[in-house]
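Below you'll find the structure, written out as structure tokens, and then a few comments.
Bear in mind that the values in this text are calculations on the coordinates, not laboratory data. The model shown is predicted, which means the values in this text are computed figures rather than measured ones. Quick reminder, even Gly has a Cβ in these numbers, built from the backbone with ideal geometry, and neighbours come from all protein chains shown.
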Amino acid sequence: MAQLRKLKRQLKPGKVYRRDELTAWSSSVDRHLEELVEEKVLQKVSHGMYYVPRSTVFGAAPPDEKELVKSFLKDDRFLLTSPNNYNSLGVGTTQLYNTRVVYNHKRHGEQKLGNRTFFFRMKPFFPKKLNDEFLFVDLVNNLASLAEDQDAVLNNVKHKVAAMNEESKKKLGHAVREFGYEKTKKFFSPLVK
């Protein structure tokens, strides 16, 4: 009982824990995890992963997506994005998708974490933070998987790029070289330097 109380004191709301992290505070970690899940102190996310729900005015809330992915990958080098982010570019994408994409260096494939599904894509390069230049490149890279009229979107991208100042075009050109697939590089080559 003393070990269980000691373990409970270590748990922080909104934080995600792996089973092996909790062995420092419990010699019967599996039994204690089972008890804590039963008491609803912890929620199971996937095999060997748990989180402490955060209290909100609407009730218990799951952890932040970034915290969840960071714990799953055991790494903070990833970029979390969604096709919904393309809508901010103003190029005619208006669909809403229930898709979360994680560019990372370790995992590939679909993974359910709690009640959320993530699509992990291993990439050698991706920016640390989302920016418009990366989103333009990522949009053209993944255009075939979107529900929008592809020709209309590409035409709108051309117009947006033509209206950019030289500094923005230069940044976009760098993003195309760093992150673009071959077809994306061909599309952008007459538009950027």
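What is the set of long-range amide H partners of PHE120 at a cut-off below 5 Å, with H atoms built 1.01 Å from backbone N?
Those qualifying (amide H under 5 Å, at least 5 residues apart or on another chain) are VAL102, GLY109, GLU110, GLN111.
Can you give the FRET efficiency to the nearest 0.05 for ALA162 and THR99, using r as the Cβ-Cβ distance and R₀ = 30 Å?
Numbers: r = 30 Å, r/R0 = 0.99.
Calculated value: 0.50.
For LYS15, go through the lysines and keep the ones whose alpha-carbon is under 16 Å away, minus same-chain ones fewer than eight residues off.
Filter leaves LYS40, LYS44, LYS66, LYS70, LYS74.
Under 23 Å Cα-Cα from LYS171, which lysines qualify once same-chain neighbours fewer than 8 residues away are excluded?
Partners found: LYS123, LYS128, LYS129, LYS158, LYS160, LYS183, LYS185, LYS186, LYS193.
For LYS193, project a label point 7 Å along Cα to C-beta. Then give me every residue of the stretch 141-175 with its amide nitrogen under 14 Å of that point.
Only 164-174 pass the distance filter.
Which ordering of ASP64, ASP138, ASP132 is given by a fewest-first count of other beta-carbon atoms within 10 Å? Before the final figure, lay out the partial values.
Working: ASP64 14, ASP138 24, ASP132 17.
Sorted ascending by nearby Cβ count, the order is ASP64, ASP132, ASP138.
So what's the stretch 2-63 giving for Cα Rg divided by 2.2 N^0.38 Å, two decimals? Don't skip to the end; give the middle numbers.
Values: Rg = 11.1 Å, N = 62, 2.2 N^0.38 = 10.6 Å.
Its radius of gyration relative to the 2.2 N^0.38 Å reference: 1.05.
Would you mind ranking SER26, SER168, SER46 so that the residue whose beta carbon has the fewest other beta carbons within 10 Å leads the list?
Exposure proxy ranking, most exposed first: SER46, SER168, SER26.
With contacts defined as alpha carbon pairs under 8 Å and 6 or more residues apart, what's the relative contact order of the stretch 2-63 in percent?
On the way: 77 pairs, mean separation 22.4, N = 62.
Relative CO of the stretch 2-63 lands at 36 percent.
Please compute the contact order of the stretch 66-127 in relative form: average sequence separation of alpha-carbon pairs under 8 Å and at least six residues apart, divided by the residue count, as a percent. Could you put the intermediate results ahead of the total?
Details: 88 pairs, mean separation 17.8, N = 62.
So the answer I get is 29 percent.
Which value at 222 nm does the chain reach when only helices count, each DSSP H run of 4 or more adding -39,500 (n - 2.57), with the total divided by all residues and rounded to the nearest 500 deg cm²/dmol? Mind showing how you got there, number by number?
Details: 8 runs with 76 residues, N = 193.
Calculated mean residue ellipticity at 222 nm is -11500 deg cm²/dmol.
Before anything else, pin down the relative contact order of the stretch 66-188: Cα pairs under 8 Å, at least 6 apart, normalised by residue count, whole percent. Show your work: numbers first, answer last.
Values: 151 pairs, mean separation 28.0, N = 123.
Here the relative contact order equals 23 percent.
Can you pull out the GluC sites (Glu not before Pro) in the stretch 22-72 that DSSP calls coil and that have at most 12 other Cβ atoms within 10 Å? Before the final figure, lay out the partial values.
Values: sites: GLU34, GLU35, GLU38, GLU39, GLU65, GLU67; in loops: GLU39.
For GluC sites (Glu not before Pro) across the stretch 22-72 that sit outside H, G, I, E and B with at most 12 neighbouring Cβ atoms in 10 Å, the list reads GLU39.
Exactly which chymotrypsin sites (Phe, Trp or Tyr not before Pro) in the stretch 115-174 are in a DSSP loop and have at most 14 other Cβ atoms within 10 Å? Could the numbers behind the result be given before it?
Numbers: sites: PHE118, PHE119, PHE120, PHE125, PHE134, PHE136; in loops: PHE125.
Answer in residue order: PHE125.
Work through the residues other than LEU139 whose Cβ is under 13 Å from its Cβ and net out their charges, Lys, Arg +1 and Asp, Glu -1. Spell out each step's value before the answer.
On the way: positive: LYS158, LYS160, LYS183; negative: ASP132, GLU133, ASP138, GLU148.
So the surrounding residues net to -1.
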